[in-house]
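Below: one structure, written as structure tokens.
The values are calculated or read from the model by the stated rules, or taken from the named source; none is laboratory data. Remember, predicted model here, so these are calculated numbers, not experimental data. Note that we place each Cβ from the backbone using ideal geometry, even for glycine, and neighbour counts take in every protein chain shown. The area values use the complete protein model at the heavy-atom level, side chains included, leaving out ligands, DNA and RNA. Shrake-Rupley method; radii C 1.70, N 1.55, O 1.52, S 1.80 Å.
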Amino acid sequence: MAFISSGYNPSKPMENRITDIGPRDFHDFLPPVIKKNFGKWAYHEILEPGVLMHKADSGDEVYTVRVGGCRLMSTEHIREITSIAEKHCDGYVRFTTRNNIEFMVDSKEKVAPLKKDLLSRREPGGGFKFPLGGTGACITNIVHTQGWIHCHTPATDASGTVKSTMDELFDEFTHMRLPAILRISMACCLNMCGAVHCSDLAILGIHRKPPMIDNEYIDNMCEIPLAVAACPVAAIRPSKTEVVVKGEKKTVKTVAIKNERCMFCGNCYTMCPSLPLADKEGDGIAIMVGGKISNRLCAPKFSKVVIAFIPNEPPRWPTLTKTIRKIVDAYSKNAHKYERLGSWAERIGWEKFFEICEIPFTEHIIDDFRDPAYYTWRQTTNFKWTNGVEEFANIKK
């Protein structure tokens with residue numbers, strides 16, 4: 001009856017339709033020049049780090065100025081972004097999937113004032129609020145997860161590790177001097193909503209200890225069948241135990257965990273707060289390299305673990321940033337033009353990759369011969385010996 005009284009016409013369901021369900025059509029947010037030439041672009045080129053030009057079949061041009069952004073923004077920062085868009089871009093602005101901000105103008109004359117305005121805005125400590133870069137053969141902005149600030153199952157922080165890493169690699173974001181694009185991703189736990197499984201270089205938070213069981217409160221706080229069902233490896237089963245409450249022994253319903261089967265994913269904690277997973281000594285970071293999504297030159301690749309564990313060292317994570325810097329420097333010096341990090345490692349041999357990046361090869365990164373591992377590393381016994389490879393691959397140290 002509500003539909004009828006509001007004038008809904010079943011034969012014409014879209015007639016006079018007003019709704020706030022779902023997003024608006026994206027065409028409403030396109031700058032006029034992009035809307036006019038939608039799907040009719042001839043080519044694009046990178047004029048300088050952070051500045052792109054797209055040429056339409058009609059002859060129209062769009063100039064895009066890309067600046068680094070952050071995933072978690074204050075309302076004041078967003079207001080500043082929109083004020084810049086109002087001043088220079090008729091109010092139009094867009095965010096990329098890697099947390100960059102793009103300001104688009106329709107003439108080359110508008111680019112210089114926009115750049116000057118962006119680079120003049122500084123943080124109280126002197127850092128750039130809107131650094132230009134993230135285009136071409138550079139390190140891209142890091143796509144990352146929530147970390148300690150929001151997520152309930154993180155093994156490390158996201159914003160802190162990303163900030164520390166990008167401070168170390170800032171010059172590689174603002175220049176285009178690497179052999180090829182280098183994409184870095186960060187996920188704060190094994191659930192990997194940061195897509196670290198297919199990045200050139202990835203930071204992954206890992207738990208190493210199974211959940212703790214709060215027997216006293218679990219029956220009151222949780223639905224035990226949901227906690228049991230949440231485990232993807234069937235490591236949790238219902239159980240009973242005795243606890244002392246106010247000096248009295250009582251039998252309570254709880255769960256038992258098969259520790260050797262646990263994969264430390266945190267799904268049980270999602271369903272039951274009485275199964276906390278965080279642990280100061282057990283939590284840390286793994287580093288993965290060599291993944292990519294692109295089909296260019298070679299097939300897509302999954303990332304591979306090269307460092308099994310780095311302890312959490314907030315607030316600046318010095319071991320993490322030092323290790324990443326070594327990998328990036330070795331890649332920058334030795335890879336061929338257009339060669340992604342994983343392709344370079346495969347060309348010189350993973351044995352040599354570990355050697356020149358000064359990464360110890362431990363038993364923790366050897367394949368365990370289960371099905372997925374068959375596809376991750378080399379599938380033959382043909383190793384590339386490190387003697388003579390330096391001359392063959394023109395290795396620079």
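A few points about this structure:
- For K253, a cut-off of 24 angstrom between C-alpha atoms picks up these lysines, skipping any fewer than 8 places away in its own chain: K209, K240.
- Long-range lysine pairs (8 or more apart or interchain), the range 96-185, Cα under 18 Å: 4
- Amide H contacts of T241 (H built 1.01 Å from N, in plane; Pro and chain starts excluded): V252, T254 sit under 5 Å, all sequence-distant by 5 or more or on other chains.
- Exposed-site-free run, longest, the chain (rule: GluC sites (Glu not before Pro); DSSP loop; at most 15 other C-beta within 10 Å): 16-222
- Taking a ≥ b ≥ c as the square roots of the Cα gyration tensor eigenvalues, the chain comes out oblate, since a/c reaches at least 1.5 and a/b does not exceed b/c.
- With every protein chain in place, the range 140-184: carbon and sulfur % of accessible area (1.4 Å): 55 percent
- All other residues whose Cβ lies under 10 angstrom from that of G291 are scored, Lys and Arg at +1 and Asp and Glu at -1, for a net of +4.
- Solvent-accessible area, 1.4 Å probe, carbon plus sulfur percent, for the range 271-353: 61 percent
- For the range 210-286, chymotrypsin sites (Phe, Trp or Tyr not before Pro) are listed when DSSP marks them as loop and at most 16 other Cβ atoms sit within 10 Å of their Cβ; the list is Y217.
- For the range 151-187 versus the range 256-292, the gap between their alpha-carbon centres in whole angstrom: 22 Å
- Straight-line cross-link reach from K337 at under 20 Å between alpha-carbon atoms covers these lysines, not counting any fewer than eight positions away in the same chain: K292, K301, K326, K352, K396, K397.
- Accessible surface for the chain, divided over its residues, is 57 Å² per residue with a 1.4 Å probe.
- Remark: accessible surface ordering of H207, H175, H88 (largest first) is H175, H88, H207, probe radius 1.4 Å.
- DSSP bridge pairs, the chain: antiparallel proportion in percent, nearest 5: 85 percent
- In a DSSP loop and with at most 15 other Cβ atoms within 10 Å, the trypsin sites (Lys or Arg not before Pro) in the range 216-252 are K246.
- Full extension of the chain between D25 and F309 yields a length gain of 97.7 nm, computed as 0.36 nm times the residue separation minus the alpha carbon distance.
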